[in-house]
Amino acid sequence: MSLMHGEHAHGSGHDHEHGHEHGHGHSPYLEHHFETLGQQFESDKLGMWLFLATEILLFGGLFCAYSVYRGNHPEIFVYAHQYLNKMWGGINTVVLLLSSFTIAWSVRATQLGQRSLQIGLLVITLLCAFGFLGIKYVEYSEKWKHGLLPGKHYQPHVGSHGEEHAAGAEAGADHAAAATSAGGEHTAAATTDAAAADSTLSVTAGDHHASTDPAIADSAASAVAAVPAADPNDPLAIDPSKIAPAAAPPAGLAREVRQHEGEHGVMMEEPKNVQTFFAVYFVMTGLHGVHVVAGIIAIFVILIYSMRGLYKPEWFTPVDMVALYWHIVDLIWIFLFPLLYLIH
Amino acid sequence: MASTGMRVGSGATDAPVGYAENNFLNHTKGFASWIWTLDHKRIGVMYMWSIILFFFAGGLFATMLRTELWTPKDDIVGPDLYNQLFTYHGAVMVFLVILPGIPAALANFVLPIMLGAKDVAFPKLNLASYWLFVVGALLALSSLVQGGLDTGWTFYTPYSTSTNTAVVPVVTAAFILGFANIFTGLNFIVTIHKLRPPGMGWFNMPLFLWGIYATGIIQVLATPVLGITLLLLIIERVFHVGIFDPALGGDPVLFQHFFWFYSHPAVYIMILPAMAVISEMVPTFSRKPIFGYRFIAYSSIAIALFGFLVWGHHMFVAGQSALMNMIMSALTYSVSIPSAVKVFNWLATMWKGSIQYRTPMIWVLGFIWIFAIGGLTGLFLGSLGTDVHLHETYFVVAHFHYTMMGSTFLAFFGGVFYWWPKMFGRMYDEKWGTIGALIVNIGFNATFIPQFIMGSHGSPRRYAHYLPEYQPFHQASTVGTYIMLVGFIICGWVLISSLYRGRKAPANPWGASTLEWQCTSPPPYNNFDEPPIVPEDEPYHYDHLEWDPELGGYIDKRREGSPAPGAAVEAAH
């Protein structure tokens with residue numbers, strides 16, 4: 001990034017001397033109220049940076065909300081983040097970083113007048129952006145399917161694909177616990193149901209210090225066994241016959257779970273208000289997704305104009321501005337990924 | 001240069017030298033030439049008329065409120081409609097009048113001219129800002145027929161997420177208006193950075209630009225936080241995600257934090273441009289260089305930065321920790337320092353000056369009086385102990401009307417009177433202009449001083465009914481409102497009639513020394529037919545300006561041989 005901008009100063013119609021050559025209304029790119037192309041470019045750039053500052057502050061509000069809720073209720077975040085798929089999140093991070101690289105290179109190609117290279121790089125950037133959204137769609141639909149939604153829509157249940165979750169047994173157990181409490185007033189339900197459930201779970205909603213048999217983590221099946229005890233009168237309770245036993249977790253993940261227990265001496269039970277995490281998750285990633293869509297539109301527009309040959313080494317402001325915008329979209333994801341997916 | 005056909009001067013007409021027959025107003029004709037204009041002057045004029053229109057709408061709501069409060073019982077509206085009236089009064093006045101007021105209308109018009117520039121840095125963004133403003137305003141007002149709104153302009157949760165009134169349209173409108181604000185602020189920051197003329201350093205700029213620059217910082221940095229807050233409120237209402245809903249684990253006080261993190265800096269979006277306008281007018285009408293230029297410049301920046309650190313003083317009784325309360329209280333006191341620096345410097349500028357009581361100066365004097373009261377009563381509220389007593393009383397209402405309405409809006413009107421000859425090329429009736437300004441000032445104080453008193457006696461705000469013991473105060477306040485109404489009608493009439501009957505204005509009727517008075521009145525399309533003389537020092541020196549009674553304005557002695565702008569152009573033709 002900074003390298004690219006360093007290049008601007010030398011590479012293009014940026015310098016004042018340069019501007020004088022083209023300036024004074026001779027350049028078709030010079031707007032009437034600027035004296036030189038250099039002045040115009042610098043103004044555009046400062047304006048863009050200020051706009052990016054507003055973007056940071058827009059997301060800043062959400063990061064602030066994240067901090068407040070995580071600070072007050074760390075157990076919700078530690079518990080709920082396991083439902084996020086680290087692999088897809090990681091792949092998306094790589095995809096976005098790659099797209100940031102290609103668009104930065106595309107700016108450089110514009111400066112050097114390498115039009116076909118520039119167009120190709122913009123196309124790759126676009127493909128990456130669509131790839132990101134595609135993966136996001138997969139992740140969202142998985143959450144949707146399992147009722148892992150914000151606010152009053154939070155009605156978690158294990159589908160027939162409990163094994164999809166990277167967290168394996170841990171998640172399986174949680175699904176089971178969550179399943180017992182499916183329904184609007186899940187916290188109250190959880191307490192009641194848990195009392196009726198297999199005592200090894202000893203789920204007490206809201207009390208994350210409750211003692212638990214560590215063996216549970218190794219055996220998703222025993223967690224699922226808790227389910228039949230669910231209140232039969234609860235219309236939202238899951239029919240246990242439809243729930244396939246969760247697959248045994250990969251060894252690495254199981255160890256991770258045990259380590260976790262070792263550190264905190266707690267078992268992953270569903271704390272109160274897990275929906276808060278999903279509210280934060282969906283709002284943050286959703287707003288980011290809206291920005292990705294806006295970026296796709298912007299990249300598409302400059303792609304069309306690039307194919308028409310609008311941008312020249314002496315004037316390529318829109319390419320540069322869209323690239324800056326795309327970098328901020330990338331940057332925000334760089335913060336979202338660890339804060340949402342990689343919590344301990 | 002689009003100066004074709006530019007004909008300036010007194011030749012065959014009665015126009016004084018410096019008046020331009022062909023100017024930005026008639027440069028092109030037709031409705032489309034206005035709604036698609038990229039000219040900052042036209043956008044500023046459109047903003048100004050829109051804002052004045054909304055001001056009268058908001059004033060109508062206020063008059064109805066005050067009329068309802070004539071007796072302790074129902075007079076003209078019931079409690080539900082009363083709640084909607086004070087909500088609309090607040091929302092319209094804040095979002096449609098005071099926030100855009102001075103920056104979008106007056107600064108849009110004069111800021112590029114003060115820099116000797118042809119336009120703001122991003123003219124298209126400027127036009128987009130105006131149309132977003134219009135769309136936002138129409139959306140907000142459309143809620144009137146969608147069930148109204150009764151949350152108060154602050155949209156506090158959890159009431160705003162549970163009431164059946166039209167919260168979403170108004171909040172969406174405020175979100176859109178936020179964009180209009182950001183675009184304006186961003187535009188001005190870039191313009192001030194990049195379009196200053198050669199020779200004009202930061203400390204040669206008019207102080208107006210310092211104030212607008214500081215305002216721009218707040219607009220750019222604070223408004224997005226309001227944006228996300230309102231977005232979350234909309235999401236909360238539509239999808240029930242539980243961010244602010246305690247039943248779902250959310251935190252309604254977080255909304256207050258978010259809201260005031262924007263809305264406290266926002267009151268400096270309101271007052272900083274007002275101070276900026278005053279800083280222009282005080283030296284002009286005192287015929288003296290401004291006292292302590294750098295202090296005034298830096299104090300604008302200081303206010304902008306401190307303004308971000310005091311939001312918690314709106315929430316002393318909202319369950320904040322005692323430590324947080326104390327920190328916020330102390331920081332609140334510290335904001336008063338740069339504000340007091342400004343007032344001190346204006347007074348020191350007037351000290352031993354030869355003060356000219358022209359109409360704009362009447363507004364200035366009213367402003368200083370009113371702002372001093374508004375600022376000092378702010379200290380009562382910033383103090384923890386007294387705030388617990390005064391919170392949610394009429395004392396608070398009176399305080400923020402003194403700062404927001406009395407200071408900002410009166411400065412806006414003062415600015416309108418100050419730049420009116422430049423905008424429209426007409427002089428208004430000085431006598432009636434002065435009378436109008438005086439009546440508004442008297443009416444304003446009559447309206448709100450009783451509210452200070454009854455607030456300190458404990459009268460709570462936002463109720464349609466009240467205890468009979470407060471009736472004398474309410475009646476005094478209502479009488480004041482009607483006096484103010486008369487004053488504003490006189491002012492409006494003075495301005496409108498000047499367009500038809502006013503004498504044509506010379507380039508520099510007040511003898512001000514900033515660049516906008518070097519171009520013709522009204523300015524030509526490109527602002528300057530000949531490059532302005534950029535001062536090498538701070539701009540408030542008046543030795544080179546000489547009153548010409550025949551012209552009815554001031555002549556720049558540095559242009560001997562070409563007595564006023566426009567003359568050279570005329571000679572060229």
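Here is how the numbers come out for the structure above:
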| read-out | value |
| --- | --- |
| Hits in the range B:109-143 - residues which are buried (at least 24 other Cβ atoms within 10 Å of the Cβ), within 14 Å of chain A (Cβ to nearest Cβ) and assigned to a helix (DSSP H, G or I) | B:L111, B:P112, B:I113, B:N126, B:S129 |
| The range B:196-224: number of residues that are facing another protein chain (nearest Cβ under 10 Å) and open to solvent by less than 10 Å² (accessible area, probe 1.4 Å) | 6 |
| Filtered residues of the range B:78-108 (kept if open to solvent by 10 Å² or more (accessible area, probe 1.4 Å) and of a type in the set (V, I, T)) | B:I98 |
| Search result, residues across the range A:65-76 that are open to solvent by less than 10 Å² (accessible area, probe 1.4 Å) and either more than 11 Å from chain B (Cβ to nearest Cβ) or under 30 Å from B:S129 (Cβ atoms) (or both) | A:A65 |
| Considering residues of the range A:316-344 that are of a type in the set (A, V, I, L, M) and within 18 Å of A:F277 (Cβ to Cβ) only, the residue most open to solvent (accessible area, probe 1.4 Å) | A:L342 |
| Conditions (1) modelled with pLDDT of 95 or more; (2) in contact with a helix residue (DSSP H, G or I) (Cβ under 7 Å, 6 or more places away or on another chain); (3) surrounded by fewer than 19 Cβ atoms within 10 Å (Cβ to Cβ); number of the one not met by B:A398 | (3) |
| Enumeration of residues in the range B:149-167 that are in a helix (DSSP H, G or I), open to solvent by 40 Å² or more (accessible area, probe 1.4 Å) and either within 14 Å of chain A (Cβ to nearest Cβ) or in contact with a helix residue (DSSP H, G or I) (Cβ under 6 Å, 6 or more places away or on another chain) (or both) | B:S162 |
| Flag if B:P289 is out of contact with any Leu (no Cβ under 9 Å at 6 or more places or on another chain) and within 13 Å of chain A (Cβ to nearest Cβ) | no |
| Number of the exception - B:A266 against (1) outside any loop (DSSP other than H, G, I, E, B); (2) small (G, A, S); (3) free of Cβ contacts under 8 Å to residues at least 40 places away in the same chain | (3) |
| Exclusive hit being open to solvent by 20 Å² or more (accessible area, probe 1.4 Å) and closer than 30 Å to B:D537 by Cα, set B:V335, B:V343 | B:V343 |
| Test: residue in the range B:174-189 that is open to solvent by 10 Å² or more (accessible area, probe 1.4 Å), within 14 Å of chain A (Cβ to nearest Cβ) and out of contact with any helix residue (DSSP H, G or I) (no Cβ under 6 Å at 6 or more places or on another chain) | no |
| First in the range A:44-64 and more than 7 Å from chain B (Cβ to nearest Cβ), second anywhere and not in a helix (DSSP H, G or I), Cβ under 9 Å, 6 or more apart | A:D44/B:A121; A:D44/B:F122 |
| Test set (1) within 14 Å of chain B (Cβ to nearest Cβ); (2) closer than 28 Å to B:F179 by Cβ; (3) open to solvent by less than 20 Å² (accessible area, probe 1.4 Å) - A:Y79 fails condition number | (2) |
| Selection within the range B:246-265 - facing another protein chain (nearest Cβ under 7 Å) and within 14 Å of B:F155 (Cβ to Cβ) | B:L254, B:F258 |
| Selection status of A:S141, modelled with pLDDT under 95 and assigned to a helix (DSSP H, G or I) | yes |
| Members of the range B:233-244 that are more than 7 Å from chain A (Cβ to nearest Cβ) and either buried (at least 20 other Cβ atoms within 10 Å of the Cβ) or touching a His at 6+ places or on another chain (Cβ under 6 Å) (or both) | B:L233, B:E236, B:F244 |
| Residue satisfying all of: in the range A:297-315; in a helix (DSSP H, G or I), crowded, with 18+ Cβ neighbours inside 10 Å and not polar (S, T, N, Q); nearest to the other protein chains (Cβ to nearest Cβ) among these | A:I302 |
| Residue, surrounded by the fewest Cβ atoms within 10 Å (Cβ to Cβ), within the range A:91-142, restricted to residues that are in contact with a His (Cβ under 9 Å, 6 or more places away or on another chain) and among the polar types (S, T, N, Q) | A:S100 |
| Residues that are in contact with a Ser or Thr (Cβ under 7 Å, 6 or more places away or on another chain) and charged (D, E, K, R), drawn from the range B:519-544 | B:D529 |
| Residue in the range A:25-38 that is at pLDDT 85 or above, within 12 Å of another protein chain (Cβ to nearest Cβ) and assigned to a helix (DSSP H, G or I) present | yes |
| Residue in the range B:262-285 that is in contact with a His (Cβ under 7 Å, 6 or more places away or on another chain), open to solvent by 10 Å² or more (accessible area, probe 1.4 Å) and farther than 22 Å from B:G406 by Cβ present | no |
| Criterion (open to solvent by less than 10 Å² (accessible area, probe 1.4 Å) and touching a residue at least 60 places away in the same chain (Cβ under 8 Å)) met by exactly one of B:G414, B:G443 | B:G414 |
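The values are calculated or read from the model by the stated rules, or taken from the named source; none is laboratory data. Everything numeric here is computed off the predicted structure, so don't read it as measured data. No Cβ is skipped: glycine too gets one built from the backbone with ideal geometry, and neighbour counts run over all protein chains shown. With ligands, DNA and RNA removed, areas are computed over all heavy atoms of the protein, side chains included. Shrake-Rupley method; radii C 1.70, N 1.55, O 1.52, S 1.80 Å.
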